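The structure under discussion appears below in the form of C-alpha cells.
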Amino acid sequence: MPGWTSSFKRRAGELLHLPPDAVEPVARVTVVGDELIIEGAKALMEVAPDRISCDLGDRVVEIEGESFVIKLVTEREIHAVGRVRHLSFGGGPR
C-alpha cells in the first residue's frame, strides 16, 4: 500500500503546513557560491569539467558551468564545486 501511505503523509503535511520535503523524499539542489549539493539523487549520469547530469528518479537535473570537481558521492547525495552557469530540469533519464 505505498500509495496510501504516501497520500496520508502528503495530506498530513498539508494540514500541518509542513514543506513537502519534511514528509516525503524529494530532490533538492542547493547552490551557494561555487558549492553545489544535489540531494535525492539516484544516479550520477555524466560528469565533465563543464557539465554534471544526475538522475533524480522522475526527472534529470543538468548543470552546466566550468571547473566542476566531484567532492563527495553518497547513496542519495552528491557534492561538487565549480562555477554554475545554467541549471535545468528535464524529463526522466535518457
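Values quoted throughout were computed directly from the atomic coordinates according to the rules given, and no laboratory measurement underlies them. Since we're looking at a predicted model, the values are computed, not measured. When we count neighbours, we look across all protein chains shown, and the Cβ atoms used for this are built from the backbone with ideal geometry, even at glycine.
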Practice task
Go through segment 51-68 residue by residue and turn each phi into a ³J(HN,Hα) via Karplus (6.51, -1.76, 1.60, θ = phi - 60°); whole Hz please, and just put x for glycine and proline.
Solution key: 7, 9, 10, 10, 7, 9, x, 8, 7, 10, 9, 10, 10, 10, x, 8, 6, 6
Completion exercise
Taking Cα atoms, the helix 2-15 axis meets the longest principal axis of the chain at an angle in degrees (rounded to 10) of 90 degrees
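Just to confirm a number: summing +1 for Lys and Arg and -1 for Asp and Glu over residues other than Val81 whose beta-carbon lies under 12 angstrom from that of Val81, what do you get? The partial results should precede the final answer.
Values: positive: Lys71, Arg83; negative: Asp34, Glu35, Glu66.
Residues near Val81 contribute -1 overall.
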Practice task
Quick one: which residues, 5 or more positions from Lys42 or on another chain, have an amide H under 5 Å from its amide H? H modelled 1.01 Å from N in the peptide plane, none for Pro or chain starts.
Solution key: Asp55, Leu56, Gly57
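Could you please rank Lys9, Lys71, placing first whichever residue has the fewest other Cβ atoms within 10 Å of its Cβ? Working shown, then result.
Values: Lys9 15, Lys71 12.
The order, fewest Cβ neighbours first, is Lys71, Lys9.
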Exercise for the section: Using just the helices of the chain, give the 222 nm mean residue ellipticity in deg cm²/dmol: DSSP H runs with n ≥ 4 each add -39,500 (n - 2.57), and the total is spread over all residues, rounded to 500. Expected result: -5500 deg cm²/dmol
